[in-house]
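J.: Let me give you the structure first, and then I'll get to my questions.
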Amino acid sequence: MKLIAEPWDVGEGGYQLGNFPPGWTEWNDQYRDTVRRFWKGDEGLIGTMAGVMTGSQHIFGRKGRRPWASINFVTAHDGFTLADLVTYNQKHNEANLEENRDGTDNNNSWNCGVEGPTDDPAIRKLRRQQMRNMLATLLLSQGVPMLLGGDEFGRSQGGNNNAYCLDSEISWLDWEEIDEEGRRLSEFVRRLIRLRHRHIVFHRARFFSGRIIPGTERKDITWIRPDGKEKGTEDWGVHYARCLAFLINGAAGQYHLTAMGQPQPDDTFFVVLNSGDKPAKYLLPEVENGDSWELVLDTARDEPYAKELGLSGGSAYEVKPRSFVLLAERSQAGAAAAAAVRRDQ
């Protein structure tokens, strides 16, 4: 049995996020708002973004609660769909016959330059990229991801963010009319889900400690600057920063536990998020557990899972504007095994 709370209600004292007991999970609206604002390009969020991507320990890290207490979501049954989140700045609820007064005005959305549908190829490309950014963030964050049905193929409600009252094409899911863009987005989501399931570092049973793991020279998570060095206290205070990068140590076996409580070492991953409108060059960390870095995912590419092998530690990787990049440490043997898995699929 899963106990899931939507931990807020109207009235004084109605907002109770983080106050449920162990055994409960809770919808995390602070995750939703932070991820939306970050990818919209708001400044001053790298510290908050780091917190919600690592399980919101500042909210749930007490009374013996674990990262899975956080139900992470970017969209839900009310509010904008994912496609509308990147297509509309304002709600368009005229069909509800309440003169567009109903529904929230606090959407934290960005239309990428044009309100509503457009044939402009550059804006359409950016919207697809923004959807991939938020989906990759959702599926690779610590906690429990919640995906709104239809977001996996880019379903739109025409900017209506309060469609509960409508039994029409606005609120239906049309499984028969998924276009090529929708099919490609669905494949992107399927591969993200496989990646999350295959690698326990993306669904840890414990919060990160930030300490050196015995037997290694690395912490379980290290926050990285563009020059490849570890972030210092002063780096977190840069208000205009819109890039976040971190290294997850896969060798921390005793801290990655299966459902049966067994230690499970994993690959080491380097993650970079750039929500700014300019590219950012990052020096890759030195390789500790393999031969080189392999590019796993780059949302700025039309084929986001296109592989790039043999990236050495200390080399520079250009992270395009508004993109999510994931790299993994790979040995020659590990790369061959991964290739075999991909062939089997």
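Every number in this text was worked out from the coordinates using simple rules, so none of it is lab data. Computed from a predicted model, the values in this text were never measured in an experiment. Virtual Cβ from ideal backbone geometry, glycine too; neighbours counted across all protein chains shown.
J.: Around Leu297, which amide H atoms from residues at least 5 apart in sequence, or from another chain, sit under 5 Å from its own amide H, with H modelled in the peptide plane?
T.: Leu326
J.: Now for a separate question. Using Cα centres only, tell me the gap between segment 66-120 and segment 291-333 in whole Å.
T.: Here the answer is 31 Å between Cα centres.
J.: Work from the charge dipole of the chain (Cβ charges, +1 for Lys and Arg, -1 for Asp and Glu, about the Cα centre) and give the residue of Leu173, Asn72, Asn107 farthest towards its positive end.
T.: Asn72
J.: Continuing with this model, one more query. Report the trypsin sites (Lys or Arg not before Pro) located in segment 1-71 that are in a DSSP loop and have at most 16 other Cβ atoms inside 10 Å of their Cβ, or state none.
T.: Loop-located and lightly packed - Lys2, Arg62, Lys63.
J.: Quick one: length gained pulling Tyr164 to Glu217 fully straight, 0.36 nm per residue minus the C-alpha distance?
T.: Between Tyr164 and Glu217, full extension yields an extra 13.8 nm.
J.: Spelling out what I want: for every residue of segment 279-286, take phi, set θ = phi - 60°, compute 6.51 cos²θ - 1.76 cosθ + 1.60 (Karplus), and round to whole Hz; glycine and proline get x.
T.: x, 10, 8, 10, 7, 6, x, 5
J.: Same structure again: What does segment 3-198 give for Rg and for Dmax, in Å, if only its C-alpha atoms count?
T.: Expressed in Å, the Cα Rg and Dmax of segment 3-198 come to 17.1, 52.
J.: Still on this model: So if I place +1 on the C-beta of Lys and Arg and -1 on the C-beta of Asp and Glu, and nothing else carries charge, what would the dipole magnitude of the chain be about its Cα centre? I want it in debye, nearest 20.
T.: Rounded to the nearest 20 debye, it is 1440 debye.
J.: Next question, about the same structure. Report the full-extension gain for the segment Glu115 to Arg225: residue separation times 0.36 nm, less the Cα-Cα distance, to one decimal in nm.
T.: Stretched out fully, the Glu115 to Arg225 stretch lengthens by 36.1 nm.
J.: Still on this structure, I have one more. Kindly provide the trypsin sites (Lys or Arg not before Pro) of segment 82-131 that DSSP labels as loop, not H, G, I, E or B, and whose Cβ sees at most 14 other Cβ atoms within 10 Å.
T.: Those that pass, being in a loop and sparsely packed, are Arg101.
J.: Once both labels are modelled 7 Å past Cα along the beta-carbon direction, what's the Asp179-Glu12 spacing in nm?
T.: 5.2 nm
J.: I've got another one for you. May I have the extent of the alpha carbons of the chain along their three principal axes, as whole Å values ordered from largest to smallest?
T.: 64, 48, 44
J.: So what is the 222 nm mean residue ellipticity for the chain from helices alone, if each DSSP H run of at least 4 adds -39500 (n - 2.57) and you divide by all residues, rounding to the nearest 500 deg cm²/dmol?
T.: Value at 222 nm, helices only, nearest 500: -7000 deg cm²/dmol.
J.: So for segment 257-313, taking the charge dipole from beta-carbon charges (+1 Lys/Arg, -1 Asp/Glu), which of Asn289, Pro263, Leu311 sits furthest toward the positive end?
T.: Among Asn289, Pro263, Leu311, the one farthest towards the positive end of the dipole of segment 257-313 is Leu311.
J.: Moving on to the next point. Calculate, axis by axis, the spread of Cα positions in segment 209-344 along the three principal axes, and write the results as whole Å, longest axis first.
T.: 42, 35, 28
J.: List the chymotrypsin sites (Phe, Trp or Tyr not before Pro) within segment 127-188 that fall in a DSSP loop (any state other than H, G, I, E or B) and whose Cβ has at most 16 other Cβ atoms within 10 Å.
T.: Trp172, Trp175
J.: Let me know the longest stretch in the chain that avoids all GluC sites (Glu not before Pro) found in a DSSP loop with at most 13 other C-beta atoms within 10 Å.
T.: 13-97
J.: Then there is this: Please give the FRET efficiency for Ser209 paired with Ala306, using the beta carbon to beta carbon distance and R0 = 30 Å, rounded to the nearest 0.05.
T.: Once the sixth-power term is evaluated, E becomes 0.30.
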